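The values are calculated or read from the model by the stated rules, or taken from the named source; none is laboratory data. Here the structure is a predicted model, which means the values were calculated and not measured. Backbone-built Cβ (ideal geometry, glycine too); neighbour counts: all protein chains shown.
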Amino acid sequence: MKSLSHIFLIIITVSSSYSFSSEEDKSFQEQSMLSVLYVQTSTEFAANNIQTFTNATKVLEMALQDSSWTAALEQKDNFKDKPPAIIIDVDETVLDNSPFQSRTILTGLSYPNGWSDWVNESNADAVEGVYDFLNFAEDNGVEIFYLTNRLESFRDATKKNLINLGLPFKNDDMLLMRKEENSRDKTERRKLIADKNRIILIIGDQLTDFISTKEAYVFHTDRKKLAAKYSDMWGTKWFMITNPTYGRWELSIYEDMPSSEEMATEIRKNTLKP
Ligand SMILES: [Mg+2]
């Protein structure tokens with residue numbers, strides 16, 4: 001087994017350099033086509049999200065009645081009398097950025113090309129089911145914290161998008177952005193929320209919406225074991241939105257840094273289990 005620090009280093013390197021783009025040959029970006037179509041066209045995806053938020057709503061009602069209930073690993077003691085709160089990620093959990101993903105396929109240019117243009121349009125739709133869930137939470141006196149790795153510079157555009165969709169937005173304290181390029185770990189920001197609130201639910205589309213990057217940035221064979229490790233959390237305190245289009249799950253398949261689209265494609269093929 002690779003050491004964690006070794007994998008961490010590799011994946012950091014991959015994540016900072018992993019941005020293949022080619023307007024001439026779009027075939028690499030086109031590998032994402034079916035996953036983006038699944039998000040944009042399938043009833044199955046929409047139904048799954050409604051299912052998730054319906055169940056989250058039921059759990060929310062239960063958790064409100066139980067002052068010993070907490071969903072955050074960062075929450076330790078003295079939380080029973082704190083106001084109940086939920087933590088929800090933004091991209092692909094509240095806001096659907098699949099139009100941006102579609103653009104990357106059609107242009108052949110991957111993230112971050114075009115990302116700031118898309119965010120500044122403030123025109124993302126809400127993920128199916130999230131509108132009713134968040135408004136139910138607000139109507140029942142639950143504090144909502146949008147915890148996102150969008151950079152601080154996108155605060156106004158993100159806020160505008162959420163408000164345009166009719167989602168709860170009382171004040172800017174509800175929106176916790178990423179302060180610096182390399183501060184992706186959400187642990188510290190979860191701790192800040194846990195200091196003043198009893199966190200009763202966490203919802204996201206990435207493993208790091210729930211646990212630290214230190215634990216989650218490992219090779220995929222070890223990473224997958226984390227699902228079982230936290231089996232008592234899924235569907236009760238933690239709700240995972242499916243995101244087949246991008247994420248750390250993909251980077252975790254690369255043991256060695258792919259330096260080209262061809263190498264990345266080869267590793268993808270070699271990772272398949274026939
Ligand atoms: Mg997300």
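Within segment 256-274, restricting attention to residues that are acidic (Asp, Glu) and surrounded by fewer than 17 Cβ atoms within 10 Å (Cβ to Cβ), the residue that is nearest to the chain's Cα centre (by Cα) is ASP256.
Looking across segment 178-231 at every residue that is small (Gly, Ala, Ser) and crowded, with 18+ Cβ neighbours inside 10 Å, the one that is nearest to the ligand (Cβ to nearest atom) is identified as GLY204. So, SER259, is that one in a loop (DSSP other than H, G, I, E, B), modelled with pLDDT of 95 or more and away from the ligand (no atom under 16 Å from the Cβ) or not? It is false that SER259 is in a loop (DSSP other than H, G, I, E, B), modelled with pLDDT of 95 or more and away from the ligand (no atom under 16 Å from the Cβ). Do we find that ASP232 is within 20 Å of SER116 (Cα to Cα) and more than 19 Å from the chain's Cα centre (by Cα) in this structure? Spelling it out, it is not the case that ASP232 is within 20 Å of SER116 (Cα to Cα) and more than 19 Å from the chain's Cα centre (by Cα). The number of residues in segment 233-242 that are surrounded by fewer than 17 Cβ atoms within 10 Å (Cβ to Cβ) and either farther than 19 Å from ILE88 by Cα or within 16 Å of the ligand (Cβ to nearest atom) (or both) comes to 1.
Yes or no, residue by residue, for (1) more than 21 Å from LEU162 (Cβ to Cβ); (2) not in a loop (DSSP other than H, G, I, E, B):
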site: VAL39; (1), (2): no, yes
site: THR52; (1), (2): no, yes
site: ALA56; (1), (2): no, yes
site: VAL59; (1), (2): yes, yes
site: SER67; (1), (2): yes, no
site: ALA71; (1), (2): yes, no
site: LYS82; (1), (2): yes, no
site: GLN101; (1), (2): no, yes
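When ASP96 is tested against (1) at pLDDT 95 or above; (2) touching a Ser or Thr at 6+ places or on another chain (Cβ under 9 Å), only condition (2) is not met.
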